[in-house]
Amino acid sequence: MRWNIDFEIASIVYMLAFFCFFVAKRHLPTRQKTTYIVTIIISFLATVMDVFTAWTNSYPRQFGRDVVMVSNVIYFVLVTSIALAFFCYILSVTGQSNYASTSIFTVFMLPAVITNLLIVTTPLTGFVFMVDEQLNYIHGPAYAVNMVVGSFYIFLSFASMVASRRVVEKKQKISVYLFCSVIIVGMIVQAFFFDKVLVSNFLITLALVIFYVTIENPGEYIDRASGMFNTDAFTVMCNEYIREGKAFSCVFVTIADYKNLDAIYGTENVNVVRDEVIRYLKSVFNSNGLFRLKNLTFVIQESSEGDYEKIVRVLKGRFAKPFHVGNMAIVLETQIVAIPYWHMPKDFHSINNIYNFVSLKLQEDPMGRNVVEVDDGIIKNMIHERAVEHAIENAIVNKSVQIYYQPIYSVEDNRITSCEALARLFDDDIGFISPDEFIRKAERNGSILNLGTQIFEKVCAFIKEHKPRQYGLNHIHVNLSPMQFKQETLVEELIDITNRYEIDRSMIVLEITESAAVEGSESIRQNMEKLIAASFTFSLDDYGTGFSNTATIIQLPFSSVKIDKSVVWSYFKRKSMILPDLITMFMNQNLKLIAEGVETREMVSALSHMKCSHIQGFYFSKPLPQREFIAYLWDFNRRNEEENAS
């Protein structure tokens, strides 16, 4: 034997065992997996042929000239095919497998095609190898063509990974770079140091194992608790379908209120129900399109223009019936979100955004709808909300939130003595964004903390610049969100800002809502007392909109209460007569009363008669930009002073 084939024999045994182990596992039906299996098969056949050609070349008289020629041709063709297969696999790893249907890929294939043509015609030309009259195997003038072509595809693989480095995971980048290094080293070692020891296919086997450990391990895509594919698998499948332009629909089903189920029925029973749900889904739907995302959220993926509506009907029918655990019949409340293929976005991030957006809307929906099919209206709303989020981010970065001021009229003084600072947001693309919309969004995503700080700071800057006390303004009301009030650093932050602007903190009245006051009364009391000690005062905002707990509210150190316009309007529309009693009750507690939403002279007269101390609403003025507000304040109070004097 002219060559040492120990490494190749070991590779054959290991690769055969590895292949059987790999295909026995459950895999995602992706092009990447298919390409990997094809690469294993070609590598295995090339290794077998390497051993066989070593035998035929060593003992040519036992096999004959034709066998020697054919075996070498097959081996060299397989070696070229390995290089091309690895390149195709790297393209699938980097998400560029769609190149396979383009003219660029045809250009990439030309070196392999030309090389294989040269190899196949070698028995006639002697171009790659020759067998002389004594049946000796001899390298031809283009023997190194395989090494050149292999190096070409390794370079392309490396370049593909570099081009995709921003979207490829770190472990995938490392494995591809390691693969390129191992193969290059293998070719150099084989060609210049151990030309009589066949090691190249052993190193290819090593590269395949590296890819298995870092990329192709099927266990990474299986949810162990359910045996379904997991979130990572869902991401991979969606990205592949999107890249390849395949139509697919997704139906998300979530078992709602999971924590309450646990509290009502107990963890053990809920786990039994969870297992029943999993068994049902696996028995009805194709396992290749079934994913478990988190807790009790599942996705059924229809990988064609199939009948996703049938999936929704089946789910609705089953979950309308109870699941039985012992003697208990448990009816599960579900949320079903269907994204049909014609509304499927072109990136996975947007798919996730759509589901999260609709799921949140379902939770907020007072009508309790539990099935939503994504349509143009939902997509439009989601895009609008994303634009609002972007506008909020820009406003925080650019400090572009505008502050408007709405006057508050004092009945006793017959003039404007205070005002409320109200945030206004204008965006170049959207235009005016209502406070209800952007404040709610900011509270939901946490940006209210930065937004609230900016608002407070701008109010302080307004006080320092315009010195509104000279116009008769004693107080400015500033809203604080519940999230702001939960921050341990709130007190220090507000004091620090007022110190920087050198303003009298007694001018600022901090408003917190009724629901926030009731939900966290003890922690709120502590923050309130610290801020009151620093000369701030407090007003209870929107009284009458929450689940009123008057006893709790009275115990907190508020100096005033703002009665929500819904309560005021209900009284004047004769729907509720509670308003005078509320005013009397809070007056008896020595609290100032501010009635919101007042729009007519009759309302002002009636509220004054009820002894309501302060009035706010469009009857006096809408919220105004600061310069317009200063002009209004000066003019209103001057005219009233002249009227009082006369």
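The values are calculated or read from the model by the stated rules, or taken from the named source; none is laboratory data. Note that the structure is predicted; figures quoted are calculated from it, not measured. Using ideal geometry, Cβ is built from the backbone for each residue, glycine included, and neighbour counts are taken over all protein chains shown. Note: areas computed on protein heavy atoms with side chains; ligands, DNA, RNA excluded. Shrake-Rupley method; radii C 1.70, N 1.55, O 1.52, S 1.80 Å.
Step by step: first the residues of the stretch 269-285, then only those that are touching a helix residue (DSSP H, G or I) at 6+ places or on another chain (Cβ under 7 Å) and modelled with pLDDT of 85 or more, then the one that is most open to solvent (accessible area, probe 1.4 Å). Which residue is that?
VAL284
Restrict the check to the stretch 308-316 and report whether at least one residue is touching a helix residue (DSSP H, G or I) at 6+ places or on another chain (Cβ under 6 Å), under 23 Å from GLU373 (Cα atoms) and at pLDDT below 85.
So far as the stretch 308-316 goes, no, none of its residues is touching a helix residue (DSSP H, G or I) at 6+ places or on another chain (Cβ under 6 Å), under 23 Å from GLU373 (Cα atoms) and at pLDDT below 85.
Quick test for you: out of PHE7, PHE18, PHE86, PHE76, pick the one residue that is modelled with pLDDT of 90 or more and within 15 Å of ASN201 (Cα to Cα).
When all the criteria are applied, what remains is PHE76.
Which of the residues belonging to the stretch 241-260 are farther than 21 Å from ALA338 by Cβ and within 18 Å of the chain's Cα centre (by Cα)?
none
Could you please find all residues in the stretch 248-268 being farther than 14 Å from VAL325 by Cβ, of a type in the set (A, V, I, L, M) and open to solvent by 60 Å² or more (accessible area, probe 1.4 Å)?
Correct list: ALA263 only.
If I filter the stretch 320-356 down to residues being free of Cβ contacts under 8 Å to residues at least 60 places away in the same chain and part of a strand (DSSP E or B), which single residue comes out as nearest to PHE298 (Cα to Cα)?
Step by step, filter the stretch 320-356, then rank; the result is PHE323.
Can you say whether TYR177 is surrounded by fewer than 19 Cβ atoms within 10 Å (Cβ to Cβ) and among the hydroxyl-bearing types (Ser, Thr, Tyr), as far as the supplied structure shows?
So TYR177 passes the test.
Every residue, every condition in (1) open to solvent by 30 Å² or more (accessible area, probe 1.4 Å); (2) assigned to a loop (DSSP other than H, G, I, E, B), yes or no:
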residue	(1), (2)
THR545	yes, yes
ILE554	yes, no
TYR571	yes, no
PHE586	no, no
ASN590	yes, yes
LEU593	no, no
VAL598	no, yes
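Do you know which of the residues in the stretch 624-646 that are closer than 25 Å to GLU602 by Cβ and among the hydrophobic types (A, V, I, L, M, F, W, C) is surrounded by the most Cβ atoms within 10 Å (Cβ to Cβ)?
My answer is LEU633.
Going residue by residue through the stretch 211-221, is there one that turns out to be more than 24 Å from TYR14 (Cα to Cα), under 30 Å from the mean Cα position of the chain (by Cα) and at pLDDT 80 or above?
Scanning the stretch 211-221 turns up at least one residue that is more than 24 Å from TYR14 (Cα to Cα), under 30 Å from the mean Cα position of the chain (by Cα) and at pLDDT 80 or above.
For the stretch 136-160, give me each residue that is of a type outside the set (S, T, N, Q), part of a loop (DSSP other than H, G, I, E, B) and open to solvent by 30 Å² or more (accessible area, probe 1.4 Å).
Within the stretch 136-160, PRO141, TYR143, ALA144 meet the criteria.
Considering each residue of the stretch 418-437, count those that are surrounded by 19 or more Cβ atoms within 10 Å (Cβ to Cβ) and either of a type in the set (S, T, N, Q) or in contact with a Cys (Cβ under 6 Å, 6 or more places away or on another chain) (or both), and give that number.
Count: 1.
Please list, ordered by first then second residue, the pairs with beta carbon atoms under 7 Å, 6 or more apart or interchain, first in the stretch 119-145 and within 18 Å of GLY64 (Cβ to Cβ), second among the polar types (S, T, N, Q) and surrounded by 18 or more Cβ atoms within 10 Å (Cβ to Cβ).
Short answer, once both residue conditions are applied: PHE129/ASN72; PHE129/THR122; TYR137/ASN57.
Can you find even one residue in the stretch 50-72 that is under 50 Å from the mean Cα position of the chain (by Cα), of a type in the set (Val, Ile, Thr) and open to solvent by less than 50 Å² (accessible area, probe 1.4 Å)?
no
Can we say ARG440 is modelled with pLDDT under 90, assigned to a helix (DSSP H, G or I) and open to solvent by 20 Å² or more (accessible area, probe 1.4 Å)?
When the stated conditions are applied, ARG440 passes them.
Looking only at residues that are part of a loop (DSSP other than H, G, I, E, B) and not small (Gly, Ala, Ser) in the stretch 556-569, which one is modelled with the lowest pLDDT?
Restricting to residues being part of a loop (DSSP other than H, G, I, E, B) and not small (Gly, Ala, Ser), the top hit is LEU556.
Restricting to the stretch 222-268, name every residue that is outside any loop (DSSP other than H, G, I, E, B), modelled with pLDDT of 85 or more and polar (S, T, N, Q).
Listed by number, the residues that qualify are THR231, THR235, SER249, THR254.
Have a look at SER613, SER621, SER605 and point out the one that is under 19 Å from TYR409 (Cα atoms), open to solvent by less than 30 Å² (accessible area, probe 1.4 Å) and small (Gly, Ala, Ser).
After applying the criteria, what remains is SER621.
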